[in-house]
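Below: one structure, written as structure tokens.
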Amino acid sequence: MLIRPDSKLLNRGRQQLVIGSRTGITLRQNYNRIAPKLAGQIARYAHAKQYRCMRSHLKKLKTLVGRVWRDVFRQLAQVPQHLAQGYRFAAESRAPAQAATARQPQTLQLACAGSGVHQRRQVAPTLRSLG
């Protein structure tokens, strides 16, 4: 059972949030010491196939990144608009944007058995193709 932890990606996202929050926002904590150590430990646990410890440390890292994320966006709403325009992240939630971009039915090209002519057919997306 090979699990691919995204600890480096989480830590890099936390760093970008901390760097990008220099638009007049003061963070409560930025976890500059704890998060890289957790990311390294997660990689070591995955290499040693100690998945239970790896998952617990990954959960801690996700919690830390979520705290920074919420702190940035909570305070970004209070910053004047002209300072927040250069900020890389949108202040709205991701859920409404995901609901607005619903997937369209896919078109597949299927070859006819004898004629060699391609025809298009509408196929309803399955749960596997949506994931």
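Contact map, segment 19-32: residues that are under 18 Å from GLY66 (Cβ atoms) paired with residues that are modelled with pLDDT under 80, Cβ distance under 8 Å, separation 6+ or inter-chain. Pairs shown: GLY20/TYR87; GLY20/ARG88; GLY20/PHE89; ILE25/VAL79; LEU27/SER21. The lone criterion from (1) part of a helix (DSSP H, G or I); (2) more than 18 Å from the chain's Cα centre (by Cα); (3) basic (Lys, Arg) left unmet by ARG14 is number (2).
The values are calculated or read from the model by the stated rules, or taken from the named source; none is laboratory data. Small disclaimer: the values here were computed from a predicted structure and weren't measured. Heads up, the Cβs are rebuilt from the backbone with ideal geometry, glycines too, and the neighbour counts pull from every protein chain shown.
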